[in-house]
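**Q** Here it is, the structure in full.
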Amino acid sequence: MKQLSERTLLLLLAAVQFTHIMDFMLMMPLGPQLMRVMNIGPGQFAAFVASYTISSGIVGLLAAPFIDRFDRKKLLLFTYAGFTLGTLTCALAQNPGTLLVARAVSGAFGGLSISMVMAIVGDVIPAERRASAVGIVMTAFSAAAALGVPFGL
């Protein structure tokens, strides 16, 4: 099988970063609409936003001791599939409880996928080009904030 070019790999990894950040950031501007539609208050909405980050942090800490035992590409595919399923569940959530759990699942898998992205960059890109490679991947964060959120809404 032909190897991906370095640039193609970085663009794919940046796309993973972009979708993760979009998923995280899109929730905040939807606050007033979600509070009205789901008949919840600001405290419950804050729990939706916080569940993403908290689950990402907890799962990251729990996975840290043994995550290097797995193939990074397969683990990235697995975590991205879980992230996609969690995000789809968020879109289909009919009640606040389901949305809270779906946000936590999206955050858990999304956080692991981003750690895999950075690990792959560290493994594949030679040290002399690693800083620019990380810059390319991290540009997706800015693009998601500046372009993705307005177009996503």
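The values are calculated or read from the model by the stated rules, or taken from the named source; none is laboratory data. Just so it is clear, the structure is predicted and the values come from calculations on it, not from any experiment. When we count neighbours, we look across all protein chains shown, and the Cβ atoms used for this are built from the backbone with ideal geometry, even at glycine. What goes into the accessible areas is simple: the full protein's heavy atoms, side chains included, and nothing from ligands, DNA or RNA. Shrake-Rupley method; radii C 1.70, N 1.55, O 1.52, S 1.80 Å.
**Q** Counting only protein heavy atoms and using a 1.4 Å probe, what share of the accessible area of segment 90-153 belongs to carbon plus sulfur, as a whole percent?
**A** Using a 1.4 Å probe with all protein chains present, segment 90-153 comes out at 70 percent carbon and sulfur.
**Q** Here is a further query. What is the dipole size for segment 70-153, taken about its Cα centre, with +1 at each Lys and Arg Cβ and -1 at each Asp and Glu Cβ, in debye to the nearest 20?
**A** Charge dipole of segment 70-153: 40 debye, to the nearest 20.
**Q** With a 1.4 Å probe and all protein chains left in place, how much of the accessible area of segment 1-40 comes from carbon and sulfur atoms, in whole percent?
**A** Carbon-and-sulfur percentage of accessible area, whole number: 65.
**Q** Towards the positive end of the charge dipole of the chain, with charges on Cβ (+1 Lys, Arg; -1 Asp, Glu), say which of Ala144, Phe70, Gln33 has the farthest Cα.
**A** Working it through, the farthest residue towards the positive pole turns out to be Phe70.
**Q** Please get the size of the charge dipole for the chain, origin at its Cα centre, with Cβ charges of +1 on Lys and Arg and -1 on Asp and Glu, quoted in debye to the nearest 20.
**A** Using Cβ point charges on Lys, Arg, Asp and Glu, the chain gives about 140 debye.
**Q** At what distance in nm do the modelled label points of Ala91 and Asp71 sit from each other, each positioned 7 Å from its Cα along Cα→Cβ?
**A** 2.9 nm
**Q** Sticking with this one: With each label point set 7 Å from Cα along the Cα-Cβ vector, what nm distance links Phe151 and Val37?
**A** 2.2 nm
**Q** Calculate for the chain the 222 nm mean residue ellipticity that helices alone would give, adding -39,500 (n - 2.57) per DSSP H run of length 4 or more and normalising by residue count, nearest 500 deg cm²/dmol.
**A** -26500 deg cm²/dmol
**Q** What is the calculated FRET efficiency for Met28 to Glu128, with r their C-beta to C-beta distance and R₀ = 30 Å, to the nearest 0.05?
**A** 0.20
**Q** Taking only protein heavy atoms into account and a 1.4 Å probe, give the accessible area per residue of the chain in Å².
**A** The answer is 58 Å² per residue.
**Q** Assign one of three labels to segment 63-153, namely rounded, prolate or oblate, based on the Cα gyration tensor with a ≥ b ≥ c the square roots of its eigenvalues; rounded applies when a/c is under 1.5, prolate when it is not and a/b is larger than b/c, and oblate otherwise.
**A** The shape class here is oblate.
**Q** I've got another one for you. In nm, what is the difference between 0.36 nm times the number of residues separating Leu4 and Ala50 and their Cα-Cα distance?
**A** This chain segment gains 12.9 nm when fully extended.
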